[in-house]
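See structure below.
The values are calculated or read from the model by the stated rules, or taken from the named source; none is laboratory data. As the structure is a prediction and not an experimental result, all values here were calculated from the model. Note that we place each Cβ from the backbone using ideal geometry, even for glycine, and neighbour counts take in every protein chain shown.
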């Protein structure tokens, strides 16, 4: 039996999107490939609220995280972590021999503008990384507050992980001043995993030109230069199947209307939050709750594994807590093409199993 996914990625994917991935292949060096990739990039600029170039990578979001840090750091990277995926930025930097320091907070609390200001005031760093939406804790960072601080440091490259939020909540990349904003297909965009996406600002392009060893496959400047010279083609073989599905899905997203899409995500989030508050507690403070995934403290000490097993028998799946939060929390995602009716059906089954 297929289990309907309410986990923070991969998400439930519409049948017609899956079918688009079975479109017959074309050569990735032909004109048709250029037309397809240019179409995708133009639509994504609307979703990202950016005029900057969009880069596509046949990798996970982690691939572009690595590409961003390696391509644009000279003096040092300030890594701000609010959970497991903030920690990943730091692991990536160290594995690439990039000078980096990590600024961690207790899980469930945000990175504040003050923290960023204090770190950058030292002059040690020319790049920062921020996790916009941390799925391990269900926290959404106050990026507008951080953006105000970043205006004081125009030489610093701002990289942002929006893997689990882009397309599900409003992120105005250019207005915020984010230089490299990263997402991937298996979250709010509603596709299978396998394709990562980022915006790449002119400032980031100029910085990358000064970095001598940017790697190969994940060199963002190489990706950028190639699509300029070769009319939206990429240096290595892309997943054309994902491209067909993404182009199709972006049409649906834009037809729904971005503001309508964001409102739908908030409506689902508020329903799950209300249920979580009624029976348990939510992990982050109300000001920092994610619009795409809710992390609920297991204050009743329920057997999360047993709950998920029973949900599985009924055709649903949620997520246990991540890493050190396993069994202490559980997570319900509400993203991509999920609807309020889907959420209500899930919660009704959880109520029945838990006896609420």
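Only one entry of 73, 62 meets the criterion of being surrounded by 17 or more Cβ atoms within 10 Å (Cβ to Cβ), farther than 28 Å from residue 331 by Cβ, assigned by TED's automatic domain parsing to the domain that holds residue 217 and in contact with a strand residue (DSSP E or B) (Cβ under 9 Å, 6 or more places away or on another chain), and that entry is 73.
Looking at the structure I just gave you, is residue 238 assigned by TED's automatic domain parsing to the domain that holds residue 168, part of a loop (DSSP other than H, G, I, E, B), at pLDDT 95 or above and within 14 Å of residue 55 (Cβ to Cβ)? So residue 238 passes the test. Residue check: is residue 176 within 18 Å of the chain's Cα centre (by Cα) and surrounded by fewer than 22 Cβ atoms within 10 Å (Cβ to Cβ)? In short, yes. Quick one: would you say residue 300 is surrounded by fewer than 16 Cβ atoms within 10 Å (Cβ to Cβ) and under 30 Å from residue 146 (Cα atoms)? Criteria not met by residue 300.
Yes or no, residue by residue, for (1) under 22 Å from residue 137 (Cα atoms); (2) in contact with a helix residue (DSSP H, G or I) (Cβ under 8 Å, 6 or more places away or on another chain); (3) surrounded by fewer than 16 Cβ atoms within 10 Å (Cβ to Cβ):
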| position | (1), (2), (3) |
| --- | --- |
| 296 | yes, yes, no |
| 308 | yes, no, no |
| 312 | no, no, yes |
| 323 | yes, yes, yes |
| 329 | yes, no, no |
| 332 | yes, yes, no |
| 338 | yes, yes, no |
| 343 | yes, yes, no |
| 350 | yes, yes, no |
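Quick check: anything in the stretch 256-275 surrounded by 13 or more Cβ atoms within 10 Å (Cβ to Cβ), in contact with a helix residue (DSSP H, G or I) (Cβ under 7 Å, 6 or more places away or on another chain) and without any contact (Cβ under 8 Å) to a residue 60 or more places away in the chain? No, the stretch 256-275 contains no residue that is surrounded by 13 or more Cβ atoms within 10 Å (Cβ to Cβ), in contact with a helix residue (DSSP H, G or I) (Cβ under 7 Å, 6 or more places away or on another chain) and without any contact (Cβ under 8 Å) to a residue 60 or more places away in the chain. Would it be correct to say that residue 106 is out of contact with any strand residue (DSSP E or B) (no Cβ under 9 Å at 6 or more places or on another chain), in contact (Cβ under 8 Å) with a residue 24 or more places away in the chain and either surrounded by fewer than 17 Cβ atoms within 10 Å (Cβ to Cβ) or not assigned by TED's automatic domain parsing to the domain that holds residue 325 (or both)? The answer is no for residue 106.
If the condition is being in a loop (DSSP other than H, G, I, E, B) and surrounded by 19 or more Cβ atoms within 10 Å (Cβ to Cβ), then the stretch 43-58 contributes 50, 52. When we screen 244, 217, 224, 271 for residues that are in the same structural domain as residue 29 (by TED's automatic domain parsing) and either under 28 Å from residue 294 (Cα atoms) or out of contact with any strand residue (DSSP E or B) (no Cβ under 9 Å at 6 or more places or on another chain) (or both), the only hit is 244. Out of the stretch 111-170, which residues are at positive phi and in contact with a strand residue (DSSP E or B) (Cβ under 9 Å, 6 or more places away or on another chain)? Within the stretch 111-170, 138, 167 meet the criteria.
Is the stretch 246-261 home to any residue that is at pLDDT 95 or above and in a loop (DSSP other than H, G, I, E, B)? Checked against the condition, which is being at pLDDT 95 or above and in a loop (DSSP other than H, G, I, E, B), the stretch 246-261 yields at least one hit.
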